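Worksheet: one structure, shown below.
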Amino acid sequence: MNCCFKLSGTEVGKDNDKSKTFVFQDEGHTLGNALRCVISNYPDVQFCGYTVPHPAESKMHFRIQTYNGKAIEALKKGLEDLMQLCDITLDKFNHELASS
Amino acid sequence: MTMESPLAEQKPRIVLQEYKLAQTAPIAKDHFTVKSFKKSFKIVIIRNEQNEMEFDMIGIHPFLVNAFRRLILSDVPTMSIEKVYISNNTSVIQDEVLAHRLGLVPLKADPRLFDYKEDASAESNENDSLEFELKIKCTYNKEANKKDSSRAEDMYKNNNVYSRHIKWLPVGNQKERFKESEVGPIDDNILLAKMRPGHELDLKLVAVKGCGRDHAKFSPVATVFYRLLPDVKLTRPVEGEAALRLQSCFSPGVIGIRHEKDGKRVAYVDNARYDTCSRNAFRHDDIKDAVVATKIPDHFVFTIESVGALRPDVIFTEAITILKNKCAALLEELESTG
């Protein structure tokens, strides 16, 4: 299954609570881009980006840098918001399907 | 007759100019929030048929639409033939080519009723696989060929092997769980091999659940795509021969011709929805100033073309559920590792 963990103590620079790179196993552009777009809209987030370093490796690197607050909290909020977006879409779609 | 400026709209538009795309207003860099999405997002279903569906998603960002498209293509599972055990194949088609062809045959079994096979080499069971057999032999058709025809269909029996010759072998309790009509190839007339008298096939086929990321045969759709809703407006009346020329510049149905009482033919915009956004009108100097073709940047026309295993609306809801479950699983993992 999916596993995600923090990449720490690397050359990425000063990794602290405010800026972190997360590595997602078995994820790609589908989740990466959606999550990036959600998180980069947060006012507390200074930078958010993702990359799939090599197409043959199913890994996705996800970087968050914040002005305030922990990067991991931004990631959690991003995942929660994305889930809510799914719920809203599902709700509206089913509602429309039932009435058509 | 004056027409209002087609660009005096509230919403920003993408304008198709002769050599470039332009925007009427910079797309507002609004702070996208769940709340604002809930308020502005709208779905309108245009068409919902057995295998094809078209609906509009209005007030949504491209990242979500694209995520849904990618999910449908490569994450929504279906059942497909994965293993072919060949006991006998004396036909001219090679074993591996035949096996590949069989793998691509779409099956109508509902993938939601099956589990993923945990280990590819493990023994298959009633919950994760479907078994089929294909046993067929080509012979001379002596009695029926009285016409002395030289057509292969008259001379031989079973000279063409079709997907309808695939027979389902229920495993365990599958006989009670499924009807014969619920499993098997979606189409009966898929040509699998050609044979001549003496040629014989004896195969056992095992279908498993998989997703499009592993192999395109598992993809539930022929295609799924989205486009921005086009809009065509006329800035001044176009009459006579120019009207017909204008009509031919667009896809059929976009520009209509109205016959006025005095015999004039006047062009009007009939239905811009299915315009393919070609810029042909710019080839004619006399009419290129008469039309403005635009696209609405937050109005997506989403089309799902199902292969047939799942209804297109089911495919869409499945895709969203998969994304949601993905997020939930990751959240849980984050919580547990801190």
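Read-outs throughout are calculated quantities, based only on the coordinates presented, and are distinct from any laboratory measurement. From a predicted model like this one, the values you see are computed outputs, not experimental measurements. Here the Cβ positions follow ideal geometry from the backbone for every residue, glycine too, while neighbour counts run over all protein chains shown.
Report the paramagnetic label zone for B:GLU335: residues of segment A:79-95 whose backbone N is under 16 Å from a point 7 Å from Cα along the Cα-to-Cβ axis. What the label zone holds, given the 16 Å backbone N cut-off, is A:79-84. Rounded to the nearest 10 degrees, the inclination of helix A:29-39 to the longest alpha-carbon principal axis of chain A is 90 degrees.
With the helix formula -39500 (n - 2.57) applied to DSSP H stretches of n ≥ 4, chain B reaches a computed 222 nm mean residue ellipticity of -6500 deg cm²/dmol.
Let a ≥ b ≥ c be the square roots of the eigenvalues of the Cα gyration tensor of the protein assembly as shown; is it rounded (a/c under 1.5), or, if not, prolate (a/b larger than b/c) or oblate? Oblate, because a/c is 1.5 or more while a/b does not exceed b/c.
Among B:HIS284, B:HIS299, sorting on how many other beta-carbon atoms sit within 10 Å of each Cβ, with the fewest leading, yields B:HIS284, B:HIS299.
Remark: chain B carries a charge dipole of roughly 780 debye about the Cα centre, counting +1 on each Lys and Arg Cβ and -1 on each Asp and Glu Cβ. Take the Cα of B:ASN125, go 7 Å toward its beta carbon, and the backbone nitrogen atoms of segment B:193-224 under 16 Å from that spot belong to B:209.
Projecting the Cα atoms of A:PHE22, A:ALA56, A:GLY32 onto the dipole axis of chain A, where Lys and Arg carry +1 and Asp and Glu carry -1 at the beta carbon, places A:PHE22 farthest toward the positive end. Taking a straight line from the alpha carbon of B:LYS83, these lysines sit under 20 Å away, with near neighbours fewer than eight places off in the same chain left out: B:LYS108, B:LYS117, B:LYS135, B:LYS167, B:LYS204, B:LYS209, B:LYS217. Computed over chain A with a Gaussian network model linking Cα atoms closer than 10 Å, the most mobile of A:SER58, A:SER40, A:SER19 is A:SER58. With the charge dipole of segment B:78-218 set up from +1 on Lys and Arg Cβ and -1 on Asp and Glu Cβ about the Cα centre, the Cα lying farthest toward the positive end among the listed residues B:ILE136, B:GLY198, B:PHE218 is that of B:GLY198. The shape of chain B comes out oblate: with a ≥ b ≥ c from the C-alpha gyration tensor, a/c is at least 1.5 while a/b does not beat b/c. Charges were assigned to the Cβ only: +1 to each Lys and Arg, -1 to each Asp and Glu. The resulting dipole of segment B:78-218 about its Cα centre is roughly 620 debye. For chain B, complete DSSP H runs whose alpha carbons reach 27 Å or more along their own long axis and whose mean Kyte-Doolittle score is 0.0 or higher are B:312-337. For chain A, the longest piece that avoids every one of the GluC sites (Glu not before Pro) found in DSSP loops with at most 13 other C-beta atoms within 10 Å covers A:12-56.
Each Cα pair under 8 Å and six or more residues apart adds its sequence gap; the mean of these over the residue count of chain A is a relative contact order of 27 percent.
In this simple spin-label approximation, B:ARG164 and B:GLU49 carry label points 7 Å from Cα along the Cα→Cβ vector, and these lie 2.3 nm apart. The lysines whose alpha-carbon is closer than 29 Å to the alpha-carbon of A:LYS18, local same-chain residues fewer than 8 away aside, are A:LYS6, A:LYS59, A:LYS70, A:LYS76, A:LYS77, B:LYS29, B:LYS35, B:LYS324, B:LYS326. In the protein assembly as shown, taking the dipole from charged Cβ atoms about the Cα centre, the farthest positive-side position among B:PHE41, B:ASN127, B:LEU244 is held by B:LEU244. Net charge of the neighbourhood of B:THR78, taken over other residues with C-beta under 15 Å away and scored Lys/Arg +1, Asp/Glu -1, is -3. Roughly speaking, what is the centre-to-centre gap between segment B:266-291 and segment B:182-238 when only Cα atoms are used, to the nearest Å? Taking the Cα centre of each part, segment B:266-291 and segment B:182-238 sit 35 Å apart.
Take the Cβ atoms of B:HIS284 and B:ASP188, set R0 to 35 Å, and the FRET efficiency comes out at 0.10.
For segment A:41-100, chymotrypsin sites (Phe, Trp or Tyr not before Pro) meeting the loop criterion (DSSP other than H, G, I, E, B) and having at most 14 other Cβ atoms within 10 Å: A:TYR67.
On the beta carbon distance between B:ALA152 and B:GLU96, with R0 = 22 Å, the FRET formula returns roughly 0.30. Per-residue Karplus couplings for segment B:13-23, computed as 6.51 cos²θ - 1.76 cosθ + 1.60 with θ equal to phi - 60°, are listed in order as 10, 9, 9, 7, 8, 4, 10, 7, 9, 10, 10 Hz, Gly and Pro entered as x. This model, with +1 at the C-beta of Lys and Arg and -1 at the C-beta of Asp and Glu, gives the protein assembly as shown a dipole about its Cα centre of some 860 debye.
Does segment B:78-218 come out rounded, prolate or oblate, given a ≥ b ≥ c as the square roots of the eigenvalues of its C-alpha gyration tensor, rounded meaning a/c under 1.5 and, failing that, prolate meaning a/b above b/c? Taking the square roots of the gyration eigenvalues as a ≥ b ≥ c, segment B:78-218 is prolate. The length gained by stretching the chain between B:THR139 and B:LEU104 to full extension, at 0.36 nm per residue less their Cα-Cα distance, is 9.9 nm. Legend: calculated FRET efficiency, B:ASN88 to B:GLU260, from the Cβ-Cβ distance at R0 = 56 Å, rounded to 0.05, equals 0.15. I'd like the orientation of helix A:71-99 relative to chain A: the angle between its Cα long axis and the longest Cα principal axis, in ° from 0 to 90, rounded to 10. Value to nearest ten degrees: 10. GNM remark for chain B: springs join alpha carbons under 10 Å apart, and the peak mean-square fluctuation among B:ALA293, B:ALA122, B:ALA25 falls on B:ALA122. Amide H contacts under 5 Å for B:GLU52: B:SER306, restricted to partners 5 or more places along the chain or on a different chain, H placed in the peptide plane at 1.01 Å from N.
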